[in-house]
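Visitor: Structure below; questions to follow.
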Amino acid sequence: MEGLAAKKSISIQNRVPKVLMVSADRFMVSTVLRNIISNAIKFTPDKGYVVINADYFKPGSLQLINVSIEDSGAGIPPEIIDDLFDVGKSISRPGTNNESGTGLGLAICKEFISYHGTDIWAENLPQKGSRFSFTLKA
């Protein structure tokens, strides 16, 4: 993704600790990360940033890892945020440099994360961009 980010002078900051261990399908998680990071780059204007974070958290008796990808992009219009992961809605919008997409990537991400028995969600960050997060079992 660094080549794609370099074309728009977007910095990618990987803040994921090297010691995290997760129980997941490597190929599915890689696909989810690739899709969300490429979307973050797509919707971030030139000279923006994308930050990738992950950390343990323990809701009740579960040990999970929360992964988040935050960007300094345009944010998500409130009228579509609830439909982003719905395959039946297939939402596709052009990026900041008119990049295109199919609108199916986030629905696939939802399927892959649901396969792991965990969840994925999106948040609009007022005046800052957006944050996409998902959990995995540690």
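The values are calculated or read from the model by the stated rules, or taken from the named source; none is laboratory data. In this text the structure is predicted, and so the values were computed from the model without any measurement. So basically every Cβ, Gly included, is an ideal-geometry build from the backbone, and we count neighbours across all protein chains shown.
Visitor: Return a yes/no flag: does the range 26-36 have any residue that is over 24 Å from His116 (Cα atoms), hydrophobic (A, V, I, L, M, F, W, C) and under 15 Å from the mean Cα position of the chain (by Cα).
Guide: No, the range 26-36 contains no residue that is over 24 Å from His116 (Cα atoms), hydrophobic (A, V, I, L, M, F, W, C) and under 15 Å from the mean Cα position of the chain (by Cα).
Visitor: Now for a different question. Go over the candidates Gly101, Gly105, Gly129 one by one and state the one that is closer than 14 Å to Thr31 by Cβ, at pLDDT below 95 and surrounded by 14 or more Cβ atoms within 10 Å (Cβ to Cβ).
Guide: Gly105
Visitor: How many residues does the range 58-84 contain that are surrounded by fewer than 20 Cβ atoms within 10 Å (Cβ to Cβ) and either out of contact with any Leu (no Cβ under 8 Å at 6 or more places or on another chain) or in contact (Cβ under 8 Å) with a residue 12 or more places away in the chain (or both)?
Guide: Residues that pass the stated criteria total 17.
Visitor: Identify the residue in the range 35-55 that is hydrophobic (A, V, I, L, M, F, W, C) and in contact with a Ser or Thr (Cβ under 7 Å, 6 or more places away or on another chain) and, among all such residues, is modelled with the lowest pLDDT.
Guide: Result: Phe43.
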